[in-house]
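What follows is a set of notes on a single structure, which appears directly below.
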Amino acid sequence: MNRSSDEKFPSFHQDEYRNSSPASARYHIIPVPYEATVSYGGGTSQGPPAIIEASRQLETIIEGAGEPGIYGIHTAAPIDCTVKRSPRELFSRIARAMDASWEQGSVPILLGGEHSITNGAIEAISSRFPPGEAGILQFDAHMDLRDTYQGSSYSHASVMRRALQNGLALFQVGIRSYSEEEVEIREHHSICSLDASYLHRGRRSEHMCLPDGFPPHVYITFDVDVFDASLMPATGTPEPGGLFWWDTVDLLSRLLRGRTVIGADVVELAPRKELHHCSYTAAKLTYYLMGLAAPGLSPAAHL
C-alpha cells in the first residue's frame, strides 16, 4: 500500500493511488458523515467510510471516463459534523473546505452523509460564482423542494429549495416522489426536469441536453436513491422505478456536454454489511464523476 506513514484516515482508491497532497491533486475527496434530519431509514453517517473502503476494489480505468486517478486524488480528514447552535456552522465548514479546493485548482467531491450537506455546497457556490455562472444538476428520487420538513428549513427534504433561494439554476433528473408544495414550486420557478416516468417511457432524444440558458459551470448533487431500489436498497428511502447504471452514465454524459463540472456530492448511502454492492456502486459512481471533471475530457466523448 503506497501511503505515507503519517496518514490517519483511509484514502479513496488507496490500493492503486497514493493520497496526493492537496496542492497536487485534481480531486479533493471531502468526507462529511452528517446525519441529523433523516426521516426513515438511518445510517448515512457511515456512508463516507463505506464508500472509501469500497473504493479499494475499483479498477483504475472506468469506461467512458478514462483513468481519473492519474490526475491525483487527495482524501481530506472528515469534516467535523458537531453542531452547537445551528446546522449553518457545519455548512460553513463545508463551504470553506470547498473554496480551499477551488483555490488550489482542484475539484471538491463531498461524500455524505445526508443530503442536507449540499447546503454547504450551495453556500460555497453562491460565494464563489457570480449570478448565472453556476447551476446544480440534481439526480434524486425526490424534489427536495419543501420550505421546511419536520420543523427544519435545513432538512434533506428542503435542500434544493435553499438552492433556489440563493438564485442557483436547477435541473432535476430521476424524480418520482413529491408533494403538492414541491410541484407548485417547480412550476413557479420553471424548473426543467427529466422525471423517472418520462425516462421509463422511452422519451429520450439524441440531443438531450441542459437548456441553452443553463449556466456553464455545473455542480452535480447525486442522491443515491435516484437508483432503482433493486440496485440501491441501502438508502434511507429506497424508491422503485429508478435509474440503473447505464441510464445514469448516459444521462450524465449527455446533460454535461459543453459544461464544466466544478464539484459534486454523493449522498444518502446508508450502508448495510450484507449489501456491500451498494457501497461499491456509490464508490464507482464517485470515480466516474471524477472522470467527468478530468482535464480535457468531453463528458460525451464515449457516446
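The values are calculated or read from the model by the stated rules, or taken from the named source; none is laboratory data. Everything numeric in this text was worked out from a predicted model, so none of it was measured. We place every Cβ from the backbone using ideal geometry, glycine too, and count neighbours over all the protein chains shown.
One residue stands out among those in the range 254-286 that are more than 14 Å from the chain's Cα centre (by Cα) and under 18 Å from ALA196 (Cβ atoms): the one that is surrounded by the fewest Cβ atoms within 10 Å (Cβ to Cβ), which is ARG254. Condition check: over 30 Å from PRO130 (Cα atoms), of a type in the set (A, V, I, L, M) and without any contact (Cβ under 8 Å) to a residue 60 or more places away in the chain. Does ALA270 satisfy that? No: the conditions fail for ALA270.
Just one of the listed residues (SER190, SER205, SER179) is more than 22 Å from ALA229 (Cα to Cα) and modelled with pLDDT of 95 or more, namely SER190.
Note on the range 109-127: residues that are farther than 18 Å from SER155 by Cα and either surrounded by fewer than 24 Cβ atoms within 10 Å (Cβ to Cβ) or polar (S, T, N, Q) (or both) total 2. Filtered by the rule that a residue be of a type outside the set (D, E, K, R), without any contact (Cβ under 8 Å) to a residue 40 or more places away in the chain and not in a strand (DSSP E or B), the range 161-175 gives LEU164, GLN165, ILE175. Count of the range 7-53 residues, restricted to those that are assigned to a helix (DSSP H, G or I) and either among the hydroxyl-bearing types (Ser, Thr, Tyr) or within 17 Å of the chain's Cα centre (by Cα) (or both), is 10. In the set PRO233, PRO240, only one residue is part of a loop (DSSP other than H, G, I, E, B), modelled with pLDDT of 95 or more, touching a Leu at 6+ places or on another chain (Cβ under 7 Å) and of a type outside the set (Phe, Trp, Tyr); that residue is PRO233. Go through the residues of the range 63-72 one by one and say whether even a single one is without any contact (Cβ under 8 Å) to a residue 60 or more places away in the chain, among the small types (Gly, Ala, Ser), assigned to a loop (DSSP other than H, G, I, E, B) and touching a Lys or Arg at 6+ places or on another chain (Cβ under 8 Å). Looking for residues that are without any contact (Cβ under 8 Å) to a residue 60 or more places away in the chain, among the small types (Gly, Ala, Ser), assigned to a loop (DSSP other than H, G, I, E, B) and touching a Lys or Arg at 6+ places or on another chain (Cβ under 8 Å), one finds at least one in the range 63-72, hence yes. Going by the structure shown, is ASP80 surrounded by fewer than 17 Cβ atoms within 10 Å (Cβ to Cβ), out of contact with any Pro (no Cβ under 7 Å at 6 or more places or on another chain), at pLDDT 95 or above and not in a helix (DSSP H, G or I)? So ASP80 fits the description; yes. Within the range 213-247, restricting attention to residues that are buried (at least 24 other Cβ atoms within 10 Å of the Cβ) and aromatic (Phe, Trp, Tyr), the residue that is nearest to TYR280 (Cα to Cα) is PHE227. Among the criteria (1) outside any helix (DSSP H, G or I); (2) among the small types (Gly, Ala, Ser); (3) under 30 Å from SER279 (Cβ atoms), the one SER197 does not fulfil is (1). Can you pull out the residues in the range 144-170 that are out of contact with any strand residue (DSSP E or B) (no Cβ under 7 Å at 6 or more places or on another chain) and modelled with pLDDT under 95? Result: THR148, TYR149, GLN150, GLY151, SER152, SER153, TYR154, HIS156.
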